[in-house]
Amino acid sequence: VSERCGQVPENWLVDGGYPGHGQVDAVADNTTVYAPVPKARNSEVDIHQPKPKDSPAVAQWRQRMGSDEAKIIYKRRASTAECVNALARNRGLNRLRVRGLKKVKAVALLFALAHNLMRTVTLAPHLVGIGTGTSVVPQIAG
């Protein structure tokens with residue numbers, strides 16, 4: 001991300017099950033990771049308390065995710081990223097049926113364009129000429 005964007009994110013919200021301890025350690029100096037801590041095998045264990053083998057960064061992550069503030073921040077993620085992901089899946093973007101970076105980028109950009117246009121029609125139909133003036137859809141006499 002830093003190579004592509006020229007900067008590192010201050011905060012990073014990550015899907016559950018994806019952050020590994022090594023990854024949390026690797027970004028700890030520059031980025032605050034918000035990701036759910038996996039459930040413990042033993043239900044009596046507090047997952048937000050550091051374990052003896054945890055690095056300082058992983059221990060901080062565990063404790064951070066136990067705070068009310070982190071839970072609120074992570075909960076906001078569902079109303080932003082998850083909505084777009086769900087809409088893409090509902091529109092058929094379950095698998096990329098192309099190979100190669102250029103083709104994958106093309107498919108992703110087409111889905112992004114379609115998503116943005118559909119959201120515009122829903123949220124601001126007047127921007128695309130819907131709901132203004134005479135309808136362009138012919139009326140069928142019946």
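The values are calculated or read from the model by the stated rules, or taken from the named source; none is laboratory data. None of these values were measured; they are calculated from a predicted model. Positions of Cβ are backbone-derived with ideal geometry, glycine not excepted, and every protein chain shown enters the neighbour counts. Accessible surface areas use protein heavy atoms only, side chains included; no ligands, DNA or RNA. Shrake-Rupley method; radii C 1.70, N 1.55, O 1.52, S 1.80 Å.
What to note about this one:
- Entry comment: accessible area of the chain is 80 Å² per residue, from protein heavy atoms only and a probe of 1.4 Å.
- For the chain, leaving out every one of the GluC sites (Glu not before Pro) that falls in a DSSP loop and has at most 15 other Cβ atoms within 10 Å, the longest unbroken run is 45-142.
- Sorted largest first by accessible area at a 1.4 angstrom probe radius, with every protein chain in place, the residues Val107, Val24 fall in the order Val107, Val24.
- Dipole-positive endmost among Gly16, Ala26, Leu117 within the chain (Cβ charges, Cα centre): Leu117
- Normalised by residue count, the chain yields a Cα convex hull volume of 234 Å³ per residue.
- Nonpolar atom fraction for the chain, defined as the carbon and sulfur part of the 1.4 Å probe accessible area, stands at 55 percent.
- Dipole moment magnitude, nearest 20 debye, the chain about Cα centre, only Lys, Arg, Asp, Glu C-beta charged: 760 debye
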